[in-house]
Amino acid sequence: MIKFFRKIRQKLLSENKFSKYLLYAIGEIVLVVIGILIALQINNWNENTKAQLFEENILTEIHKTLNDDLIFFERLEKRIRKKDTAIDNLLLARNGKIHLSDTELRSSINWYNVGIVFSYNKGPYEALKSSGLDKIKTDSLRFALTNYYEVWIPRADAFFEATKEKYKVKRQVEYERLENLGFYEDSFEFKVKEDGYEGYQPKTKLNLNKYTDDVSFNKTLLLESNYKLELWETLQGMIKMTETLRDKVKRELTSRFNLK
C-alpha cells in the first residue's frame, strides 16, 4: 500500500502536476488522520470495556464480602442475645425468681461470659483503592463505599477493641479468682459415649448457690452485662449500614450490568 501511494506521488511530480499532487497530499493526510482517530477510538473502546469489566468484577466481590460480613454480624448479634439471656437467667435464679435445671444452669454459665470479637473483610475494597477509586463511576456509590470502609468500619473496630480493653483487667481479676476457687474445673470431663463419639460430658451437678453466693461471680455478671450493653448499639448500627451498602451495590450491579 505504501509503495502504491509512493508511485502516485512520483508520477504526479514527474508530470509537474503540482496542484493535483497537493490535493493528493492533503487527501493522504486526511486518510492518515482518520486512521489515527479510528485507532484511538478502538483503543478507547477497549480501555472502557476493561474498566467496565473491572468495575463489575470488583463490585461483585464487594457485594459478596458485604453479604458475608453481614452474616457474621448477625451471628454476633445472636451471640450477644444468648449472652444477655444467660445473664438474665443467672440474675433471676439468684433472686429466686426462676428455677434452673442443671442443664440450664450449665448452659447459662457457658454463655454469660462468652467473648465478642468484631471482624470484617475489606480485601476487595483495598484492591479497588489500590487500582483507583475513580474506577467506580457512580459518585454516590463511590462516596458510600469510602464512607463505610474508611470511617465506619475502622470506628466500630476501634470501639470494640477499646471496650474489650476497658473491661479486660477487671474481668481477668474476677475470673482468675473463680478459677482458683475451682468454679469451672469440675464442670466437664472428656468421655467416649456409647455410640462411639467422643465429647465433653457434665461431670457433676452444679450448685447454683456456689455461684450466686460468691461476690466475684456476681461482679462478673455485672461486668459482662455492662460489656454487652456497650457493644450492642454499635453492632446494631453496623448491621444497618452494612445492609444499606450491600443493597446499594446490588442495585448498581442490576441497573448498570444487568446482573441479578
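We did not get these values from a lab; they are worked out from the coordinates using the rules stated. Quantities reported herein were computed from a predicted structural model and do not represent experimental measurements. Positions of Cβ are backbone-derived with ideal geometry, glycine not excepted, and every protein chain shown enters the neighbour counts.
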>> Can you tell me the length gained on complete extension of the stretch Leu222 to Ser131, counting 0.36 nm per residue apart and subtracting the Cα distance?
In response: 27.9 nm
> So, counting K/R as plus one and D/E as minus one, what does the shell of residues with Cβ under 14 Å around Tyr112 add up to?
Replying inline: +3
> How long is the gain from Glu56 to Asp214 if the chain were fully straight, where each residue apart is worth 0.36 nm and the alpha carbon distance is subtracted?
Replying inline: 51.0 nm
